[in-house]
């Protein structure tokens, strides 16, 4: 099976956060590819990736970036695919707020679904849910995952009250 999700990030320093998207996609059995693509240092590479991802079978792009964090929005401006932005608190960040606002405050017509600061796991789950809307096997895995979350809380509640 070929990759259905593209995980892109501005730098390898974003990987410690972005790997959480990869890990949950592995757990849910969703194929992905990962690339380092800088909106500022490799704009041609970003444009090529964004323009052509859908023709290679990618269905959702998870884009993480810190600082000015233009990668998710610029990717969304070029691709017809849904883009999930992950603001990353980086070394040049202003407590992550610059990244959050850069990804969140997109103009009309260029949507980016935005998760919490360093929220790559949720981005991976959302990507799998998007894939699952058209793939019953992925949907079944999402349902089982959600059920396991419920069971963990109920187990903890039971232990807490003893």
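A compact table of results
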| item | result |
| --- | --- |
| Given (1) assigned to a helix (DSSP H, G or I); (2) at pLDDT 95 or above, number of the condition residue 84 does not satisfy | (1) |
| Residues satisfying the stated conditions in the stretch 116-130, i.e. over 20 Å from residue 50 (Cα atoms) and either touching a helix residue (DSSP H, G or I) at 6+ places or on another chain (Cβ under 8 Å) or outside any loop (DSSP other than H, G, I, E, B) (or both) | 116, 117, 118, 121, 122, 125, 129 |
| Hey, residue 107 in a loop (DSSP other than H, G, I, E, B), surrounded by fewer than 16 Cβ atoms within 10 Å (Cβ to Cβ), within 16 Å of the chain's Cα centre (by Cα) and on the phi < 0 side of the Ramachandran plot or not | no |
| Count of residues meeting criterion [crowded, with 23+ Cβ neighbours inside 10 Å and farther than 17 Å from residue 117 by Cα] in the stretch 62-92 | 2 |
| In the stretch 1-37, residue surrounded by the most Cβ atoms within 10 Å (Cβ to Cβ) [restricted to those that are out of contact with any helix residue (DSSP H, G or I) (no Cβ under 7 Å at 6 or more places or on another chain) and closer than 21 Å to residue 102 by Cα] | 6 |
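The values are calculated or read from the model by the stated rules, or taken from the named source; none is laboratory data. Because the structure is a prediction, the values reported are computed rather than measured. Methodologically, a virtual Cβ is constructed for each residue, glycine included, from the backbone with ideal geometry; neighbour enumeration extends over all protein chains shown.
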